[in-house]
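See below for the structure under consideration.
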């Protein structure tokens, strides 16, 4: 069955430190993966998708099919990066996404 | 486009009352999703529609929950009767634009049942 696993509920770092938010998936076909971000009391918004291979707000994510991972990385965390981050996998039909449980990133000054 | 619109933004009601949440998807999108978000359970998919037809409602927690999509520009999620454990933020999202799988979320409705 398709599944997205985000093993960390909370990731706490200091400003300027590198960040890596982990995401592993299980999917039988060719996955399409996304990272969504939710700032405090706001709506979820798309941060990046693997197919576009772009960097948004300094974040990047590389799809590793061998390790079935799509970890989100940023070399130098900023306080404004503090938010909830969700990894999501497309389910192949009807535009449905399967979301992970989310990881809360807390960046301290 | 104003994005996905949800109303009300906040709802406080007493246990046993009927609650109706409303959603207007982005024009041209053909898929609509209802999610519930709580601290304990995270983000849960309740039901989704494609071309106004319910595709999968297996995430709806109980018969007290029902959802409709009478046309392409409007959907409702109803809870009758409401219970305190229904307190959560309910999000609506739509997709189907050029970026096929990208879902656009509404601002959410924060429901409190006392």
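Counting Cβ atoms of other protein chains within 10 Å of each residue's Cβ and taking the mean over peptide A:41-54 gives 3. Of the peptides B:104-112, B:13-21, B:86-94, the ranking by mean beta-carbon count within 10 Å, highest at the top, reads B:86-94, B:104-112, B:13-21. Less than 13 Å from a label point 7 Å out along the Cα-to-Cβ axis of residue A:1: which backbone N atoms in the stretch B:72-86 qualify, by residue? No residue qualifies, since no backbone N sits under 13 Å from the label point. Among A:16, A:29, A:58, the residue with the largest mean-square fluctuation in a Gaussian network model of chain A, with springs joining Cα atoms closer than 10 Å, is A:29.
Between B:26, B:55, B:79, which gets the highest mean-square fluctuation from a Gaussian network model of chain B, Cα cutoff 10 Å? Largest GNM mean-square fluctuation: B:55. Other protein chain C-beta atoms within 10 Å of residue C-beta, averaged over B:42-55: 3. Radius of gyration (Cα atoms) of the protein assembly as shown, expressed as a multiple of 2.2 N^0.38 Å: 1.02.
Taking the inverse of the mean reciprocal distance over all distinct Cα pairs, the Kirkwood hydrodynamic radius of the stretch B:55-110 comes to 13.1 Å. Sorted fewest first by neighbouring Cβ atoms within 10 angstrom, B:82, B:27 come out as B:27, B:82. Peptide B:101-111 shows a mean partner chain C-beta count of 5 within 10 Å per residue C-beta. Hydrodynamic estimate: the Kirkwood radius of chain A over Cα pairs, inserted into Stokes-Einstein at 20 °C and 1.002 mPa s, corresponds to D of 153 µm²/s. Reported value for chain B: 92 Å³ per residue, from the convex hull of its C-alpha atoms.
Values in this text are rule-based calculations from the coordinates and carry no lab data. For clarity, every value in this text was computed on a predicted model and none was experimentally measured. Note that each Cβ is placed from the backbone with ideal geometry, even for glycine, and that neighbours are counted across all protein chains shown.
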